[in-house]
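Only one structure is covered here, and it is reproduced in the block below.
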Amino acid sequence: MNKNNRTAILLLLLGVGSFFTSCKSTDVDTSSSTGSTTGSTTGSTTNNSSSITTTLSATATTTSCASTGVAQIVCLAEAFKSTLSSTQQSTLQLTYSKANAQKWSNLPAGMSARNGINLGSLSDAQLAAFRNLMVAVLALNTTNEGYDEMIGNLVADDYLNTIGGGSTYGAGNYYISFLGTPSASSLWAILFTGHHYTQPFTFNGGVSTGVTPSFRGTEPQAAVTAGNRTYAAFEQERVAFANLLTGLSTTEQATAKLSGTYNDLVLGPGQDGKFPATKSGLQVGSLSSDKQALVLNAIKLYVNDLDASLAAAVLTKYTTELANTYVAFSGTTAMSSQGDYVRIDGPSIWIEFSYQGGIIIRNTPHSHSVWRDHTADYGGN
């Protein structure tokens with residue numbers, strides 16, 4: 001769907017005649033009940049969007065899952081599932097199929113339906129169990145990366161809710177599903193997806209087999225405050241790409257420059273398996289070691305969002321393949337203007353970053369980005 005059609009649909013859904021053209025404050029009132037999403041829970045009331053991020057920001061609770069690795073993830077998945085009513089469990093737990101795994105989008109859930117159970121329908125106790133699971137699969141204690149990046153993304157969506165985006169935006173509209181029954185021996189996946197954030201985790205035979213396609217984006221790109229924290233969930237990635245491109249020589253930039261213009265991602269949602277047959281741009285192996293390090297640093301900001309046990313093998317693969325990986329861009333090297341675009345394309349890795357016009361905050365660019373793997377998307381299934 002192109003941007004003009006998407007904007008038109010959004011206008012119809014929201015019933016408004018214009019969007020905000022500027023915003024002077026990006027504070028989110030965590031006590032607000034605007035945009036709450038309700039659903040059935042057991043034993044308590046549901047959460048509004050702002051209270052969801054407050055609950056998820058708390059320290060993970062102690063669990064009886066003393067194991068490590070995939071066995072621990074299975075244990076925590078079952079612990080979360082056990083907090084749900086039978087109706088909620090049937091909504092959460094689906095069969096594993098490629099069609100179910102592919103049900104994600106960069107659009108708000110109100111414009112592109114998701115499978116699973118939405119965060120807005122969960123009680124505090126259920127959110128705490130969800131938090132324990134996500135803490136086990138995402139990196140901790142790094143500002144604006146890993147689990148903290150996920151929270152920042154939800155906070156940004158809460159902000160869009162409060163400035164005119166309406167009830168289709170907000171943390172309550174993010175969904176989790178289990179595809180296949182959590183198991184240390186068979187095929188299953190966790191899919192967490194909503195506007196501007198999708199992260200799958202696929203397992204088979206007790207090992208991680210894939211963590212892509214992974215989508216990230218943030219509107220606004222500027223810092224957003226909730227409670228006592230200020231988040232800039234996807235700014236470090238933009239800066240890393242700018243450092244990479246501006247660090248190239250004029251000749252290297254000319255080799256890396258794409259002939260076309262790019263207003264969005266090439267391999268976004270719905271574009272599975274459509275990798276270009278020929279790689280474009282500048283081969284990383286031709287660069288000096290310090291410039292190769294800039295490419296690897298950008299890659300690490302994606303891979304290291306994952307818990308270290310999930311990230312290690314993936315990063316090793318991409319590092320080994322770095323010399324045969326290509327960098328290409330369109331627009332300016334500063335990655336600060338609408339139409340700026342960069343990709344990293346290797347034997348396995350595919351990362352795109354697109355800086356494009358705002359949807360709710362008009363005339364202000366924001367990021368879309370996708371991380372895919374040529375062979376391991378959807379766990380290679």
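Tabulated data for the structure shown
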item	result
Scan of region 245-295 for residues that are touching a residue at least 12 places away in the same chain (Cβ under 8 Å), of a type in the set (A, V, I, L, M) and in a loop (DSSP other than H, G, I, E, B), ordered by number	Leu248, Leu258, Leu265, Val266, Leu267, Leu287
Ala311 being open to solvent by less than 60 Å² (accessible area, probe 1.4 Å) and without any contact (Cβ under 8 Å) to a residue 24 or more places away in the chain	no
Out of Thr364, Thr278, Thr319, Thr332, sole residue that is within 25 Å of Pro108 (Cβ to Cβ), of a type in the set (Ser, Thr, Tyr) and out of contact with any strand residue (DSSP E or B) (no Cβ under 9 Å at 6 or more places or on another chain)	Thr364
Enumeration of residues in region 283-302 that are out of contact with any Leu (no Cβ under 7 Å at 6 or more places or on another chain) and closer than 12 Å to Asn324 by Cβ	Gln283, Gly285, Ser286
Candidate set from region 296-332 (those that are in a strand (DSSP E or B) and not β-branched (Val, Ile, Thr)); member that is nearest to the chain's Cα centre (by Cα)	Leu306
Those residues of region 100-157 which are more than 14 Å from the chain's Cα centre (by Cα), more than 25 Å from Ala222 (Cβ to Cβ) and β-branched (Val, Ile, Thr), in sequence order	Ile117, Val135
Residue ID - farthest from the chain's Cα centre (by Cα), chosen from residues in region 284-295 that are surrounded by 16 or more Cβ atoms within 10 Å (Cβ to Cβ) and over 27 Å from Asn153 (Cα atoms)	Leu287
Residues located in region 206-241, provided they are part of a helix (DSSP H, G or I) and in contact with a Ser or Thr (Cβ under 7 Å, 6 or more places away or on another chain)	Glu237, Arg238
Selection within region 51-71 - farther than 13 Å from Arg131 by Cα and open to solvent by less than 60 Å² (accessible area, probe 1.4 Å)	Ser51, Cys65, Ser67, Gly69, Val70, Ala71
Flag for Gly205 being closer than 29 Å to Thr68 by Cβ and without any contact (Cβ under 8 Å) to a residue 24 or more places away in the chain	yes
Per-region count, region 285-306, residues under 25 Å from Asp377 (Cβ atoms) and either small (Gly, Ala, Ser) or not assigned by TED's automatic domain parsing to the domain that holds Thr250 (or both)	2
Residue that is nearest to the chain's Cα centre (by Cα), among those in region 360-381 that are within 27 Å of Leu160 (Cα to Cα) and either open to solvent by 10 Å² or more (accessible area, probe 1.4 Å) or among the acidic types (Asp, Glu) (or both)	Pro365
Unique match (being open to solvent by 10 Å² or more (accessible area, probe 1.4 Å), modelled with pLDDT of 95 or more, of a type in the set (Lys, Arg) and over 24 Å from Leu248 (Cβ atoms)) among Lys317, Lys300	Lys317
Count - residues of region 175-197 that are in contact (Cβ under 8 Å) with a residue 40 or more places away in the chain and either over 12 Å from Gly116 (Cβ atoms) or open to solvent by 10 Å² or more (accessible area, probe 1.4 Å) (or both)	11
Sole exception among (1) out of contact with any strand residue (DSSP E or B) (no Cβ under 6 Å at 6 or more places or on another chain); (2) more than 26 Å from Ser67 (Cα to Cα) for Thr142, by number	(2)
Verdict on Asp148 being open to solvent by 10 Å² or more (accessible area, probe 1.4 Å), touching a residue at least 12 places away in the same chain (Cβ under 8 Å), on the phi < 0 side of the Ramachandran plot and among the acidic types (Asp, Glu)	yes
In region 72-102, the residues that are open to solvent by 50 Å² or more (accessible area, probe 1.4 Å) and not in a loop (DSSP other than H, G, I, E, B)	Gln72, Glu78, Ser82, Ser86, Thr87, Gln89, Ser90, Thr91, Lys98, Ala99
Residue in region 209-251 that is least open to solvent (accessible area, probe 1.4 Å), counting only those that are assigned by TED's automatic domain parsing to the domain that holds Leu138 and more than 24 Å from Gly152 (Cβ to Cβ)	Gly210
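The values are calculated or read from the model by the stated rules, or taken from the named source; none is laboratory data. Just so we're clear, the structure is a prediction, and the values are computed from it rather than from any experiment. A quick note on method: Cβ atoms are made from the backbone with ideal geometry, for glycine too, and the neighbour counts reach across all protein chains shown. Side chains are part of the model used for accessible areas, which takes the heavy atoms of the whole protein and leaves out ligands, DNA and RNA. Shrake-Rupley method; radii C 1.70, N 1.55, O 1.52, S 1.80 Å.
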